[in-house]
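Structure record follows, encoded as structure tokens.
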Amino acid sequence: MVRIFLRSDVNGAGLQAMPLELAALAAEGAGAYWPLAAPFIGALGSFIAGSSTFSNMMFSGFQAAVATKAGFPAVLTVALQVIGANAGNMIGVANVVAAASVVNLTGREGQIIRFTLGPMLLYCAAAGLLAFVLLSLGLAPGTETIR
């Protein structure tokens, strides 16, 4: 899935890769508020792919492209991706199944995901809000490049 997503620019229609096409849409739709959304994309990637490494492989280019198009520091936006991807490991199905089997809670994976979903969402929201505030105040690294 990651390979198809990243290498989708190899096509007969001459379209850009999916992450770049999606980045243009995201920057247009949520550009000013992207730092609030960036950690949630990382978490979604971990949930879908089952690991923060694959989430970062899938979405780091996307996050950097959105940041560039929206006028945010790409380094900060990719850092938010990584934070979200790590938070998303809390609800990653493979991780939950492994942890449940270790502590003899097999069959209660759904309950574990529901229990950890709140802290994961709070963690992502706090990271996005902190970045948004720092950017608004001009205190985040790379903010001198913001228009």
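The values are calculated or read from the model by the stated rules, or taken from the named source; none is laboratory data. The structure presented is a predicted model; accordingly, all values stated were derived computationally and were not measured. Reconstructed Cβ throughout: ideal geometry from the backbone, glycine too, with neighbour counts over all protein chains shown.
Of these, Thr116, Thr77, which one is in a helix (DSSP H, G or I), among the hydroxyl-bearing types (Ser, Thr, Tyr) and under 30 Å from Ile4 (Cα atoms)? Quick ask: steps written out before the conclusion?
Working: Thr116 fails: under 30 Å from Ile4 (Cα atoms).
Going through Thr116, Thr77 in turn, just one is in a helix (DSSP H, G or I), among the hydroxyl-bearing types (Ser, Thr, Tyr) and under 30 Å from Ile4 (Cα atoms): Thr77.
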**OP:** Examine the range 120-142 for a residue that is among the aliphatic types (A, V, I, L, M), over 23 Å from Gly31 (Cα atoms), in a loop (DSSP other than H, G, I, E, B) and in contact (Cβ under 8 Å) with a residue 40 or more places away in the chain, and state whether such a residue exists.
**Re:** no
Original post:
Consider Gly50 against the criteria (1) at pLDDT below 90; (2) among the small types (Gly, Ala, Ser); (3) more than 19 Å from Met120 (Cβ to Cβ): it satisfies all of them except one. Which criterion is unmet?
Top reply: (3)
Original post:
How about the range 80-106: which of its residues are without any contact (Cβ under 8 Å) to a residue 40 or more places away in the chain and assigned to a helix (DSSP H, G or I)?
Top reply: Val96, Val97, Ala98, Ala99, Ala100, Ser101, Val102
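Suppose the filter is part of a helix (DSSP H, G or I) and either crowded, with 17+ Cβ neighbours inside 10 Å or not β-branched (Val, Ile, Thr) (or both); does Ser8 pass it? Walk me through how you get there before you give the answer.
Values: part of a helix (DSSP H, G or I): no; either crowded, with 17+ Cβ neighbours inside 10 Å or not β-branched (Val, Ile, Thr) (or both): yes.
Here the answer is no, as Ser8 does not meet what is asked.
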**OP:** Taking the residues in the range 37-74 that are among the hydroxyl-bearing types (Ser, Thr, Tyr) and part of a helix (DSSP H, G or I) as candidates, determine which candidate is nearest to Pro141 (Cα to Cα).
**Re:** Thr68
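Listed here are the residues, each with its yes/no results for (1) surrounded by fewer than 21 Cβ atoms within 10 Å (Cβ to Cβ); (2) under 13 Å from the mean Cα position of the chain (by Cα); (3) of a type outside the set (A, V, I, L, M).
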| position | (1), (2), (3) |
| --- | --- |
| Gly12 | yes, no, yes |
| Gly45 | no, yes, yes |
| Asn56 | no, yes, yes |
| Thr68 | yes, no, yes |
| Phe72 | no, no, yes |
| Ser101 | yes, no, yes |
| Arg114 | yes, no, yes |
Subject >> Failed item, numbered, when Val93 is tested on (1) surrounded by 17 or more Cβ atoms within 10 Å (Cβ to Cβ); (2) closer than 30 Å to Arg3 by Cβ; (3) not hydroxyl-bearing (Ser, Thr, Tyr) >> reply: (1)
